[in-house]
Amino acid sequence: MAKNKTLVLHSRPEGMLREENFQVVEREVPAVKQGQFLVRVHFASLDPGIRNLLAESSGYWVPTSLGEPLNTNMVGEVVESQHTDYRPGDLVAGTGALQEYTVFTPGPMTWKIDSGSRLPLSNHLSILGATGLTAYFGLLDVGKPVAGETVLVSAAAGAVGSAVGQIAKIRGCRVVGIAGGEEKCRRVIEEFGFDAAIDYRNKDMAQLMTAIGEHCPNGVDIYFENVGGIQLDAALGHMNSGGRVPCCGMISQYNGEGGAAMHNLFNIVAKTLRVEGFLCHTYSEQFPEALRDLEQWVAAGQLNHREHIEEGITAAPGVFVKLFTGENQGKTLVKVLSD
């Protein structure tokens, strides 16, 4: 079998990611052990959370060692199997080393893709993958929306945030998004159906709080957190009593910038807020039901989504950096399979 292009961590990033932190090398195709299967990767996902695995230590999962491949979510076709439930020809979603041929060891984030699905294979990494599942469980299980409530979403033009807002609309909520720049704010309203959008750029804490107050005159019942920093602080200043804050991510801190002191934390106590972090793999037993709902909403035109796809593993370092500069325009994927 041909050599196997692989994306590895070349140096540990200090501050903002740089393309030089990564390297594309050729490795041998890995051997398949009992209970595993080999996948020819079609698409691989690049997610902001991977940044947490690039330091020497991580509060997330096991950090990536220098010279070792990045691990991420991907979809592809089984080409060899030592697992009784997966056979050659099966289309699968799962987690593995970012390379052209990778080995899956089945776990909570591994499943067969329904052969009856009419959606493109890439969608099973985006709206029907970890992205859609994160939005689904974060909002519905942690946020517990009730019709008529106000939902505020940070990173609202992003893959997870845009799905959260649309699911909240399906549940009968009023939805306000926070996004960066006029174009993304316009997209949040026109393409994803939010009721209003706030441009956070060039706003200090006081200005952001004022903007939230203007667009959420009855306060905020659910704040879906993707960013952290002053956006979280400003949102806490407008939460209603008994409000919920599902914490999905803190992208403002992933590059080690830290952040300013928080001013509104006492609202967690004073307003009896529920602030809860979550990871979607803990809901794996509920994935089949969630995936059915998500696909039905997409088919019905109730759940729009964007994918930002670039060609080839060699493009991956530059694509990854775009996640932190705001240049990506939807769920960020790399098309690994070469024609």
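Against the longest principal axis of the chain, how steep is helix 287-299, in degrees 0 to 90 to the nearest 10, with axes from Cα atoms?
Its long axis makes an angle of about 70 degrees.
As a test of the formula, what do you get for the chain when each DSSP H run with n ≥ 4 contributes -39,500 (n - 2.57) and the sum is divided by the residue count, at 222 nm and rounded to the nearest 500 deg cm²/dmol?
Details: 8 runs with 72 residues, N = 339.
Value at 222 nm, helices only: -6000 deg cm²/dmol.
What FRET efficiency do you get for Asp293 and His263 if R0 is 25 Å and r is their Cβ-Cβ distance, rounded to the nearest 0.05? Don't skip to the answer; put the middle values down first.
Numbers: r = 38 Å, r/R0 = 1.53.
After rounding to 0.05, the efficiency reads 0.05.
Within straight cross-link reach of Lys184, meaning Cα distance under 24 Å, which lysines are found once same-chain residues fewer than 8 apart are removed?
Candidates past the 8-residue exclusion: Lys169, Lys203, Lys322, Lys331.
Starting from the Cα of Lys271, draw a straight line to each of the lysines and keep only those under 21 Å, dropping any in the same chain fewer than 8 residues away.
Within the straight-line limit of under 21 Å, Lys271 reaches these lysines: Lys144.
Could you pull out every one of the aspartates and glutamates with an alpha carbon less than 14 Å from that of Lys3, ignoring same-chain neighbours closer than 8 positions?
The qualifying aspartates and glutamates are Glu26, Glu28, Glu100.
Would you kindly state how much longer the chain becomes between Ser115 and Leu66 on full extension, computed as 0.36 nm times their sequence separation minus their alpha carbon distance, in nm to one decimal?
Values: separation 49, 0.36 × 49 = 17.64 nm, distance 3.80 nm.
Full extension from Ser115 to Leu66 adds 13.8 nm.
List the chymotrypsin sites (Phe, Trp or Tyr not before Pro) in region 265-310 that DSSP assigns to loop (not H, G, I, E or B) and whose Cβ has at most 14 other Cβ atoms within 10 Å. Which are they?
Details: sites: Phe266, Phe278, Tyr283, Trp297; in loops: Phe266, Phe278.
When the chymotrypsin sites (Phe, Trp or Tyr not before Pro) of region 265-310 are filtered for loop state and at most 14 Cβ neighbours within 10 Å, Phe266 remain.
Extending each Cα 7 Å along its Cβ direction at Phe324 and Asp204, get the distance between those two points in nm, one decimal.
In this crude label model, Phe324 to Asp204 measures out at 2.7 nm.
Given H placed on each backbone N at 1.01 Å, which residues far from Met239 in sequence or on other chains put an amide H within less than 5 Å of it?
Residues meeting the amide H criterion: Val220.
With label points built 7 Å along Cα→Cβ from the Cα atoms of Arg40 and Asp141, find their separation and express it in nm.
Inter-label distance under the simple model: 3.5 nm.
Report the gain in length on full extension from Ala196 to Ser11: 0.36 nm times residue separation, minus Cα-Cα distance, nm rounded to one decimal.
Working: separation 185, 0.36 × 185 = 66.60 nm, distance 4.15 nm.
Contour length minus Cα-Cα distance gives 62.4 nm.
Can you compute log10 of I(q)/I(0) for region 93-155 with the Debye formula, treating each Cα as one identical point scatterer, at q = 0.22, 0.25, 0.28 Å⁻¹?
With one equal scatterer per Cα and no solvent, log10 I(q)/I(0) is -1.02, -1.14, -1.24.
Per the Kirkwood definition applied to all pairs of different Cα atoms, how many angstroms is the hydrodynamic radius of the chain?
Working: mean 1/r = 0.0485 Å⁻¹.
It is 20.6 Å.
Please list, short to long, the whole-number percent of alpha-carbon pairs of region 130-280 in consecutive 5 angstrom bins beginning at zero.
Result, from short to long distances: 2, 11, 22, 26, 23, 13, 4, 0 percent.
Every number in this text was worked out from the coordinates using simple rules, so none of it is lab data. Since we're looking at a predicted model, the values are computed, not measured. FYI the Cβ positions are ideal-geometry reconstructions off the backbone, even for glycines, and counts take in every protein chain you see.
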